[in-house]
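The values are calculated or read from the model by the stated rules, or taken from the named source; none is laboratory data. The shown structure was predicted, so the numbers you read here are calculated from the model rather than taken from an experiment. Here the Cβ positions follow ideal geometry from the backbone for every residue, glycine too, while neighbour counts run over all protein chains shown. These accessible areas exclude ligands, DNA and RNA; they are computed on the full protein's heavy atoms, side chains included. Shrake-Rupley method; radii C 1.70, N 1.55, O 1.52, S 1.80 Å.
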Amino acid sequence: MGRPLKLALWAVAALAGLILVGVVLALVLIDPNAHKGRIQDLVHAHTGRSLELKGPLHLSLYPWLAIETGAATLGNAPGFGAEPMVELRHARLGVRLWPLLSGRVEFGKVSIDGPKLRLAVDRAGHGNWADLAGGDAGATQPASPAARLDLALAGLSVTDGSIDYRDLGSGAHYELKALSLDAGALRGSGAAGARQVSLDGLDLRF
């Protein structure tokens with residue numbers, strides 16, 4: 001290996017190390033709860049929905065860079081009532097730092113406790129989730145065909161969940177309670193339009 005290549009590799013490693021140190025210092029010195037208001041404002045600005053972080057936020061470093069939230073709610077779409085579309089008691093999401101430097105996103109096991117999901121379709125056939133799914137806004141900036149994202153999720157755990165579905169046009173109403181879900185590792189890779197997704201296992205109970 002030539003000296004210029006070695007120096008380049010050392011420079012990249014040093015830069016990655018500085019980034020990691022910066023993230024660690026930020027986690028140690030910054031209280032995430034001090035930024036609750038800004039997080040809620042950003043969600044409202046981008047979705048028009050009200051996000052309420054009722055419980056405390058916690059950041060941790062080991063073994064993952066992880067964030068935990070207590071009770072939280074996400075407001076409903078206009079015309080679908082005052083009850084929030086999503087509620088939960090607790091959630092945790094972790095991500096590995098080093099794989100991000102090479103374009104891979106590796107999440108730990110996502111854990112969600114007590115989620116309540118209220119889905120509804122109005123008389124015109126529009127769902128209260130449609131505005132969050134991207135719609136036409138996503139079509140204005142199509143992903144580059146060369147863009148590639150490798151993603152891995154260690155697992156998904158849902159405990160004591162419920163789903164309430166209403167069709168305001170037909171009057172149909174369905175409700176699923178005491179929902180527990182335990183999914184194995186989920187992996188996805190490829191460029192836009194050519195995604196490959198695999199799931200190790202799924203255990204669903206209700």
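If we keep just the residues of the stretch 68-122 that are in contact with a His (Cβ under 9 Å, 6 or more places away or on another chain) and among the charged types (D, E, K, R), which is nearest to ARG187 (Cα to Cα)?
Restricting to residues being in contact with a His (Cβ under 9 Å, 6 or more places away or on another chain) and among the charged types (D, E, K, R), the top hit is ARG92.
Taking the residues in the stretch 86-100 that are part of a strand (DSSP E or B) and open to solvent by 30 Å² or more (accessible area, probe 1.4 Å) as candidates, determine which candidate is nearest to ALA154 (Cα to Cα).
Step by step, filter the stretch 86-100, then rank; the result is LEU93.
When you scan the stretch 66-85, how many residues do you find that are in contact (Cβ under 8 Å) with a residue 24 or more places away in the chain and in a strand (DSSP E or B)?
Residues in the stretch 66-85 being in contact (Cβ under 8 Å) with a residue 24 or more places away in the chain and in a strand (DSSP E or B): 4 in total.
Restricting to the stretch 101-118, what's the tally of residues that are surrounded by fewer than 16 Cβ atoms within 10 Å (Cβ to Cβ) and aliphatic (A, V, I, L, M)?
Here the count works out to 2.
Which of the residues belonging to the stretch 43-65 are out of contact with any Lys or Arg (no Cβ under 6 Å at 6 or more places or on another chain), closer than 28 Å to ALA178 by Cβ, open to solvent by less than 50 Å² (accessible area, probe 1.4 Å) and assigned to a strand (DSSP E or B)?
LEU51, LEU57
Return only the number of the condition from (1) within 19 Å of the chain's Cα centre (by Cα); (2) at pLDDT 90 or above that LEU176 does not satisfy.
So LEU176 meets the others, but not (1).
Looking at the stretch 35-65, which of its residues are among the hydrophobic types (A, V, I, L, M, F, W, C) and at pLDDT 85 or above?
Listed by number, the residues that qualify are ILE39, LEU42, VAL43, ALA45, LEU51, LEU53, LEU57.
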